[in-house]
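K.L.:
This is the structure I have questions about; it appears just below.
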Amino acid sequence: AAGVAAYMQPPSATPSHMGLVPSDSFEASQPSLEMQVDPAPEAMTGMACLPLSVRAGRLQAGSTLIKVAQGKYARHKQDAKVVHLSPDCRTLTWEGTKKSVELAQVLRVSIGLETRTLQKLYQGNALVADMPSYHWFSLHTATRSYDFGIKDCGDENEMVVLWVLTLQEIVATLPPPSANISRTLTGLSLAQQQWQRFETAGKEWPCVECTFLNPPSASGGQCASCGTARPLVTLCPCITPLLPMLRALATTISVKAFERGPDAHLLWFLLQALELQPPPPLKWRMGIRRDDPSQMLLGVCSADGADFTVDHPHLRSLRYQAAGLRAQINSSAGAQVPPLPQLFISPDDQTDVSPQGTPQEDEQRRMLQDLGLPERDVAEALAAEASLVSP
């Protein structure tokens, strides 16, 4: 299939389209980050700090997700299914063990309406119209996508982060279906990039102080709950559970992402650093400054929790990369997010793909608008599709 052929390319040495360079390429002569910081108690650690085994255990226990069915003969387009991660962390199963997907076949994990299946699902479907687009995630394989929604399960945002972050980390450990295939396992930061591309005053936004989700109609540019001013760049609401870790990482690598300045446009970069994980066998660990216990930092430690530090070459490398991205923003005098890489879409539904600007695309825009979706969601869906289809 054309979609698969376009994706069959040797993996690049580094994700250069996102401004990253390997940690070992960073010169040791850069300024030290060392300060008096103690590791925080386990109770204060964030989602990404939890051991993979703990997060995987939650997926193995199972969660009730909205599973979207493909095919014209499917009796129900979407239905609640209990989805489990297998004991060996290699398979997702539902309907007992009747249905499954091998995680080694996954090429990409995405958040939002980034598959044709999900876009079609929203065609006049009142059962899902009240679900935010960022409460859907998809597993892309070479032959199809597997689409899951999260609804009525407590903290939906935490569930999105748990499933996406954990599945990406597991997939990264599995051999790809072909040595010539490059995976894209940065679904959280790509979702934030899309959110930043369509930053407008007319969409909801989570407060970075109290995490209250403000509606688009929130007056005065202030949080309706605590009065905090709306940030210059807002956070995609499903990312809210990672906010403490993002703040801690921002402090460690001197990125003022939560102030009104050019660094506000680097929220996607902080997310990408979190989900790519530090080099093995290190893991993330929250820390507290001795001279200011109210200030949290993000450091790294060994797998057993020992040897905590905020002065590892990996962290200095991140600070160096952030400085380069900041220079790009300053030189262009405007918001900057990296161009989307060529992303994979399963080939099943590519027969009706048409170039941008054709009558078919205009019809799709009208269709999405007729569903009553906000213009933000319409724009995001069309942009996601454009980025998914190979030229």
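K.L.:
If each residue of separation counts as 0.36 nm, what is the full-extension length gain between residue 319 and residue 294 once their alpha-carbon separation is subtracted?
P.N.:
Value of the extension gain: 6.8 nm.
K.L.:
Take the Cβ-Cβ distance between residue 36 and residue 102 as r, set R0 to 56 Å, and report the resulting FRET efficiency rounded to the nearest 0.05. Could the numbers behind the result be given before it?
P.N.:
Values: r = 47 Å, r/R0 = 0.85.
E(calc), rounded to 0.05, equals 0.75.
K.L.:
Follow-up question, since we're still on this one. Please report the base-10 log of the normalised intensity I(q)/I(0) for region 111-197, using a Debye sum with one equal scatterer per alpha carbon and no solvent, at each q in 0.12, 0.15, 0.18, 0.23 (1/Å).
P.N.:
Ignoring solvent entirely, the Cα scatterers give -0.40, -0.62, -0.87, -1.28.
K.L.:
At residue 53 and residue 95, where each label point lies 7 Å from the Cα along Cα→Cβ, what is the point-to-point distance in nanometres?
P.N.:
Those two pseudo-labels are separated by 3.4 nm.
K.L.:
So how many Å³ per residue does the convex hull of the Cα atoms of region 182-234 work out to? It would help to have the intermediate numbers written out before the result.
P.N.:
Numbers: hull volume 4.2 nm³, N = 53.
So the per-residue Cα hull volume is 80 Å³.
K.L.:
Right, next: Once you place label points 7 Å from the Cα toward the Cβ at residue 44 and residue 181, how far apart are they in nm?
P.N.:
Each label point is offset 7 Å from its Cα along the Cβ direction, giving 4.3 nm.
K.L.:
In what order, largest first, do 165, 185 sit by accessible area if the probe radius is 1.4 Å?
P.N.:
Greatest to least solvent exposure: 185, 165.
K.L.:
Sticking with this one: Excluding residues fewer than 8 places away in the same chain, name every one of the lysines whose C-alpha is closer than 23 Å to that of residue 77.
P.N.:
By straight Cα distance, residue 77 reaches 67, 98, 99, 120, 151.
K.L.:
Pop the C-beta distance of residue 209 and residue 307 into the FRET formula with R0 = 30 Å and round what comes out to the nearest 0.05.
P.N.:
On the way: r = 33 Å, r/R0 = 1.10.
Efficiency at R0 = 30 Å is approximately 0.35.
The values are calculated or read from the model by the stated rules, or taken from the named source; none is laboratory data. What you see is a predicted model; the values in this text were computed from it and never measured. Ideal geometry is used to build each Cβ from the backbone, glycine not excepted, and the neighbour counts take in all protein chains shown. Side chains included, ligands, DNA and RNA excluded: accessible areas come from the protein's heavy atoms. Shrake-Rupley method; radii C 1.70, N 1.55, O 1.52, S 1.80 Å.
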